[in-house]
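What follows is a set of notes on a single structure, which appears directly below.
The values are calculated or read from the model by the stated rules, or taken from the named source; none is laboratory data. Note that this is a predicted model, so its numbers are computed, not measured. When we count neighbours, we look across all protein chains shown, and the Cβ atoms used for this are built from the backbone with ideal geometry, even at glycine. Note: accessible area is taken over every heavy atom of the protein model, side chains too, but ligands, DNA and RNA are not part of it. Shrake-Rupley method; radii C 1.70, N 1.55, O 1.52, S 1.80 Å.
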Amino acid sequence: MAERVLITGARAVAALDIARSLRAAGYEPHLADCSPAWVSRLSRAAGPVHRYASPVGRPAAFARDIRGLIERLDPVRIIPTCEEVFHLAALAEADGFSDRVFAPPPDRLATLHAKDRFAALCGGLGLPVPDTSRITDRAALEAFRGDPADHVFKPVWSRFGARTLIAPPPAALAALTPSPAAPWVAQRRITGEEVSFYAVCHEGRVTAFCAYGSDWRLSGGASYVFSPLGAGQGARLRPMAEALAAFAITGQIACDAIIDAGGQPWLIECNPRATSGVHLFGRNAGFGRALMGSGAARPLSGSCHLSPALWLHGLPTALRDRRLADWRLQRRQGSDAVAAPGDPGPVLGALADAAVFGLRAVRTGRSLTAAMTADIEWNGRPLDPPD
């Protein structure tokens, strides 16, 4: 019988492609989430989708549900894909199943996730990172001596570029209310090409790596087209991934960087979880084996996209910016990360999920991106898994 793997964060298209890759490698993938996760539920290739309670809203029920899934499925590995990784790692450490969770331990996860601690880590490893200052109250903000025009201000705990202020005017800074519980950072502004990389690591070694960029983005900065970088740029970024893998030891590492006019990449922030970089591996068996530590994987050469976003956001952008030829080229030559041959259902699932989160955003007064993560995100508070 095939070994089972539990993939959490089934709402993410990355989780869907991880499941497809594991199935191609001969494993039996199961997915789970605290949202309906229609993008995975309507897939013919992913596997069964289970539910657990929100780790933010109902932590005791979350712990009970995860324990129940482990008891029923007995997975050889648990692969988190979204910010439930923090809650899951804390529970695993308390319950003694950390060896099954494909993620660094909680303290290292926090260091990678917190923007100030990540900058300090990079400095200690000799990796290029902009000067970064932690701001925990109004007094520290008012005492900041740098020129705001040369800096970027953002919360220590944030995602999708939410609330980021680039070269803010005085009125925008005056509206900030940093606190010890909700600190901010001021980071020297680097101008250049925004890029990302994603890496899988086992025992401190990188077993899969890709570097990519995008010129198709939502207003908040999230991309929906992913294009591999040239070999030279990738070669500059890979040693950074290897240095961070030695710190993380095991799990997935994804970083955003900016390449300046001189060709120097600067690390900006890190997501210790799956990102859209997984799509560049083509959902093949090699990537599945790399995730399980039984081989290495190389990305494919072509670009990929999220087809619902390419139509709903990309087409209006193309019409507005006179990029219709570029849009048509991407649609024809790029591969779709959502649908797959014989598996078109996830496209409808992605639209259904967008509607669910959109309604949640309206009901709670949050932005769409905030509504998409409110039930799983972690913003630095101590995690004490319930008994």
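Output the residues belonging to segment 204-221 that are over 24 Å from Phe287 (Cα atoms) and open to solvent by less than 50 Å² (accessible area, probe 1.4 Å). Across segment 204-221, the qualifying residues are Trp216, Gly220, Gly221.
Has segment 263-278 got any residue that is hydrophobic (A, V, I, L, M, F, W, C), in a helix (DSSP H, G or I) and either touching a Cys at 6+ places or on another chain (Cβ under 7 Å) or surrounded by fewer than 24 Cβ atoms within 10 Å (Cβ to Cβ) (or both)? No; the residues of segment 263-278 include none that is hydrophobic (A, V, I, L, M, F, W, C), in a helix (DSSP H, G or I) and either touching a Cys at 6+ places or on another chain (Cβ under 7 Å) or surrounded by fewer than 24 Cβ atoms within 10 Å (Cβ to Cβ) (or both).
Scanning for something part of a loop (DSSP other than H, G, I, E, B) and among the hydrophobic types (A, V, I, L, M, F, W, C), does segment 194-214 turn up at least one residue? No, segment 194-214 has no match at all.
Residues in segment 48-97 that are of a type in the set (Gly, Ala, Ser), touching a Pro at 6+ places or on another chain (Cβ under 6 Å) and without any contact (Cβ under 8 Å) to a residue 40 or more places away in the chain: Ala89 only. Gln330 fulfils the conditions (1) at pLDDT below 95; (2) assigned to a helix (DSSP H, G or I); (3) open to solvent by less than 50 Å² (accessible area, probe 1.4 Å) except for a single criterion, (1).
Among the residues making up segment 241-258, those that are open to solvent by 10 Å² or more (accessible area, probe 1.4 Å) and either assigned to a strand (DSSP E or B) or on the phi < 0 side of the Ramachandran plot (or both) are Glu242, Ala243, Ala246, Phe247, Thr250, Asp256, Ile258. Using the structure shown, decide if Ala235 is surrounded by fewer than 17 Cβ atoms within 10 Å (Cβ to Cβ) and part of a helix (DSSP H, G or I). Yes, satisfied. Taking Ile78 as the residue in question, decide whether it is open to solvent by less than 10 Å² (accessible area, probe 1.4 Å), more than 21 Å from the chain's Cα centre (by Cα) and not acidic (Asp, Glu). Here the answer is no, as Ile78 does not meet what is asked.
If the condition is being buried (at least 16 other Cβ atoms within 10 Å of the Cβ), out of contact with any helix residue (DSSP H, G or I) (no Cβ under 7 Å at 6 or more places or on another chain) and part of a loop (DSSP other than H, G, I, E, B), then segment 129-163 contributes Pro130, Thr136, Trp157, Ser158, Gly161. Just one of the listed residues (Ala370, Ala296, Ala309) is crowded, with 17+ Cβ neighbours inside 10 Å, within 23 Å of the chain's Cα centre (by Cα) and modelled with pLDDT of 90 or more, and it is Ala309.
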